[in-house]
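To keep things clear, I will list the structure first and then write my remarks on it.
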Amino acid sequence: MPDVSPYLQYSFILPAGLTILGWFVVARQTDRREFRKELREQLKELRTSMDEVRLRSAAYWLWEDVKTSGPSAIALSSEVKRLSRYLRNLESAGLRFESTGLIIAIRSLATGGDFQSRSRVRSEADEERLEDLSGAIEDALSRVDNAFYSYFAPSKRRCLRWLPLGGALLMVRE
């Protein structure tokens, strides 16, 4: 019978353990990357929805005839509801920002005042309302972006660049 060291009998455990540990690390990184990709897709839809709210608000408050603005008002209301759903979904996904205040501000500016009133007349206040709405939308976008980048912080590692200089390598710190 050959003489086998007791340590060699169990030499397969270390490579197998490292392989299994590597699987767990890679799976975690993949899940995090997929989650980040899904959040970016939701952010893209949120931006599209916010642009639609701006356009529909401008169409309703500035360009539409008061007597025939019913379909435009319904479209604006549904777009604001969709925008609030996107903001709530992002908040429930784990981004830390206050969605309720943002939703109330945007909704009150887009559909407040004499919205859907037959006695509504155009005024300079409508233009101010749209400027305030654009400001509220930009504020919402900046808060969501800040929440996204605080959740997925950029890497803190310094990037090293190596530049060839006369056959020697020169390391530049940023």
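Read-outs: derived from the displayed coordinates by stated rules, not from any lab. The structure displayed is predicted, hence computed values, not measured ones. So basically every Cβ, Gly included, is an ideal-geometry build from the backbone, and we count neighbours across all protein chains shown.
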Once Lys and Arg get +1 and Asp and Glu get -1 on their Cβ, which of Ala59, Ile104, Phe115 lies farthest toward the positive end of the dipole of segment 38-158?
Ile104
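Could you calculate the contour length gain from Leu21 to Asp114, that is, 0.36 nm times the residue separation minus the distance between their Cα atoms, to one decimal place in nm? Intermediate results must be reported in sequence, preceding the final value.
Numbers: separation 93, 0.36 × 93 = 33.48 nm, distance 6.23 nm.
Residue separation times 0.36 nm, minus the Cα-Cα distance, leaves 27.2 nm.
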Residues whose built amide H sits under 5 Å from the amide H of Phe97, excluding neighbours closer than 5 in sequence, are none
Thr48 to Ile104: FRET efficiency via 1/(1 + (r/R0)^6), r the Cβ-Cβ distance, R0 30 Å, to the nearest 0.05?
0.90
Of Thr48, Thr19, Thr68, which is farthest on the positive side of the dipole of segment 9-84, counting Cα position, with +1 on Lys and Arg Cβ, -1 on Asp and Glu Cβ, and the Cα centre as origin?
Thr19
